[in-house]
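S.K.: My questions all concern the structure below.
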Amino acid sequence: MGALDELTPKEREEWHKVRLRMMRVCEKAAEKNIGMLVDAEETWIQDPVDALVMLMMDSFNKENPIIYNTIQHYRHDRLMFLKDCIDAAKERNFILGVKLVRGAYMEKERKRAEEEGYASPIQPDKISSDRDFDAGVALCITNLDRVGLLVASHNEHSNMLAVEKLQQNNIPFNHPHVNFSQLYGMSDNITFNLAKAGCNVSKYLPFGPIEDVIPYLMRRAQENTSVKGQTGRELGLIEKELKRRRVAG
């Protein structure tokens, strides 16, 4: 029995409405040739999001990566999920759009798993998350004929690894299927150096109700400071640049 068969008639009607609304948004994105990224959520609501986004990719990513799903590698099952998605894209003849991130709901996920009595979906440690994230980047780069990749990371090592993988595979830094992005106001040293090297790079700017945006920014700040020594290094680079400009001026 499929998941839809388990829904009540009212729930199936709601799912149909959601799918139609999503279809209209994707149609407009495809019409304007603008990438549309669907963010990742908590595990207990992620499965229908994944299913919906794969349906949209199957319809709109036949020639270019327009629709992107987000894969959180702090989950121990996401590297295999990524592999399965690439296989599906090859079988169905569409381009898989993926934004790779480490993740944002670790404490909430572990707490809920403990309260509900099921195995935690979260990696046992940060090293495991880093390992799977970097493996996911490498996997996507070796399958660029079927993958549109957005490396969304504030980690210097991961961004450098992606660039090295491009070099090793003789892929130009400005390949249309490879993009990098960092949050506006964070890791400018990474963003600017990627741009100087010729990579496709952007800064993303969250907006919306303050009760939604502030928790989002707090999670990003916690992720950024968790990279050992990186925040201090970034501040040091800013101070160095300010001194250089004073001397040059």
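The values are calculated or read from the model by the stated rules, or taken from the named source; none is laboratory data. All figures in this text were calculated on a predicted structure; none of them were measured in a lab. For neighbour counting, all protein chains shown are included, and Cβ atoms are generated from backbone atoms with ideal geometry for every residue, glycine included. Accessible surface is based on the protein model in full, side chains and every heavy atom, while ligands, DNA and RNA are left aside. Shrake-Rupley method; radii C 1.70, N 1.55, O 1.52, S 1.80 Å.
S.K.: Here is a check on your reading of the model: is Asn61 closer than 27 Å to Val201 by Cβ, touching a residue at least 60 places away in the same chain (Cβ under 8 Å) and open to solvent by less than 20 Å² (accessible area, probe 1.4 Å)?
M.R.: Yes, satisfied.
S.K.: With the structure loaded, tell me whether Ser158 is farther than 24 Å from Phe192 by Cα and in contact (Cβ under 8 Å) with a residue 12 or more places away in the chain or whether it fails that test.
M.R.: no
S.K.: Looking at region 130-147, which of its residues are part of a helix (DSSP H, G or I) and open to solvent by less than 20 Å² (accessible area, probe 1.4 Å)?
M.R.: Asp132, Phe133, Gly136, Val137, Cys140, Ile141
S.K.: Okay, next question. State all residues of region 1-38 that are part of a loop (DSSP other than H, G, I, E, B) and open to solvent by 70 Å² or more (accessible area, probe 1.4 Å); if no residue qualifies, say none.
M.R.: Within region 1-38, Met1, Ala3, Asn33, Ile34 meet the criteria.
S.K.: Within region 8-31, is even one residue under 21 Å from His175 (Cα atoms) and either free of Cβ contacts under 8 Å to residues at least 60 places away in the same chain or under 18 Å from the mean Cα position of the chain (by Cα) (or both)?
M.R.: So far as region 8-31 goes, yes, one or more of its residues are under 21 Å from His175 (Cα atoms) and either free of Cβ contacts under 8 Å to residues at least 60 places away in the same chain or under 18 Å from the mean Cα position of the chain (by Cα) (or both).
S.K.: Shifting gears a bit: Being of a type in the set (Gly, Ala, Ser), within 13 Å of Cys140 (Cβ to Cβ) and touching a Lys or Arg at 6+ places or on another chain (Cβ under 9 Å) is the filter here; which residues of region 78-109 pass it?
M.R.: Scanning region 78-109 gives a single hit, Ala89.
S.K.: Looking at region 81-106, which of the residues that are closer than 13 Å to Met57 by Cβ and aliphatic (A, V, I, L, M) is surrounded by the fewest Cβ atoms within 10 Å (Cβ to Cβ)?
M.R.: Result: Ala88.
S.K.: Somewhere in region 116-129, is a residue exposed (fewer than 13 other Cβ atoms within 10 Å of the Cβ), more than 16 Å from Ala40 (Cβ to Cβ) and touching a helix residue (DSSP H, G or I) at 6+ places or on another chain (Cβ under 8 Å)?
M.R.: Looking through region 116-129, at least one residue is exposed (fewer than 13 other Cβ atoms within 10 Å of the Cβ), more than 16 Å from Ala40 (Cβ to Cβ) and touching a helix residue (DSSP H, G or I) at 6+ places or on another chain (Cβ under 8 Å).
S.K.: What number of residues within region 90-110 are among the aliphatic types (A, V, I, L, M) and touching a Gly at 6+ places or on another chain (Cβ under 9 Å)?
M.R.: 4
S.K.: Which of the numbered conditions does Asp47 fail, given that it passes all the others? Conditions: (1) at pLDDT 95 or above; (2) open to solvent by 70 Å² or more (accessible area, probe 1.4 Å).
M.R.: Every listed condition holds for Asp47 apart from (1).
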